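Below is one structure, written out as structure tokens; comments come after it.
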Amino acid sequence: MSGSGKREISRRTFLNYALMGTGGFLAAGMITPMIRFAIDPVLKHSAGGDRVAVGSPDEFGADPKRVEFKVHTKDGWYETETTMTAWVTKDEKGQILALSPVCKHLGCTVDWNTSPEHPNEYFCPCHMGRYSVKGEHILNTPPLKSLDEYESEVKDGKLYLGKIIPNPRPGVNG
Ligand code: FES
């Protein structure tokens, strides 16, 4: 009896393990796609960074030109379309610089060449903030950082702007 009882327990234990294993395998197969579906938009958002065409590089030169473009963002299931502005220049080497117009002091909007006392600079009317044509903050004015810039790329005859990144240029004397 003890031999057959031992065999019986072993068989039952084996069946329990087999059932648990099969159940776990099936549950994992069902739950994984559900979790994936739940967090998928979040994953997609973090992998974003689409660039937007804003024109031909030939349209730009030493004088800043203002461009507007729309950026489609998806945060989870929430989708928005935002109009962005950039001030774009191209130097003699063909290097593009696209600056954000958001003042680094308190976030007002800067404009190009609008202060008669300080021509050929970006000017912030809120607290008289000033920046050079490269977005460098002018020392002894309120902003302590240079204007952010957009990632840019020229491809197939078009200028594409991407995400906003810090402008590494230090402040300069005005
Ligand atoms: S917000 Fe631009 S100078 Fe203050």
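Observations on the model:
- Residues of the range 50-65 that are exposed (fewer than 12 other Cβ atoms within 10 Å of the Cβ) and of a type outside the set (D, E): S56, A62.
- Contacts under 7 angstrom Cβ, first residue in the range 55-76 being among the charged types (D, E, K, R), partner not in a strand (DSSP E or B), 6 or more apart: K65/E59; K74/P41; K74/K44; K74/H45; D75/H45
- Residues of the range 122-150 that turn out to be away from the ligand (no atom under 14 Å from the Cβ) and more than 16 Å from F60 (Cβ to Cβ), as a count: 2
- Number of residues in the range 63-86 that are closer than 14 Å to A53 by Cα and either of a type in the set (F, W, Y) or assigned to a loop (DSSP other than H, G, I, E, B) (or both): the value is 1.
- Pairs where the first residue, in the range 106-129, is over 13 Å from P143 (Cβ atoms) and in contact (Cβ under 8 Å) with a residue 24 or more places away in the chain and the second is part of a strand (DSSP E or B) and away from the ligand (no atom under 13 Å from the Cβ), C-beta under 7 Å, 6+ apart: W112/W87
- Filtered residues of the range 94-116 (kept if surrounded by fewer than 18 Cβ atoms within 10 Å (Cβ to Cβ), more than 24 Å from the chain's Cα centre (by Cα) and within 15 Å of the ligand (Cβ to nearest atom)): T114, S115
- Subset of the range 147-174 [within 12 Å of the chain's Cα centre (by Cα), surrounded by fewer than 13 Cβ atoms within 10 Å (Cβ to Cβ) and not in a loop (DSSP other than H, G, I, E, B)]: K163, I165
- Odd one out for E153, checked against (1) more than 13 Å from the ligand (Cβ to nearest atom); (2) free of Cβ contacts under 8 Å to residues at least 60 places away in the same chain; (3) touching a Gly at 6+ places or on another chain (Cβ under 8 Å); (4) not aliphatic (A, V, I, L, M): (2)
Here, each number is a calculation from the coordinates, and none is a lab measurement. Just so it is clear, the model here is predicted, and its values are computed rather than measured. Here the Cβ is made from the backbone with ideal geometry for all residues, glycine too, and neighbour counts use every protein chain on show.
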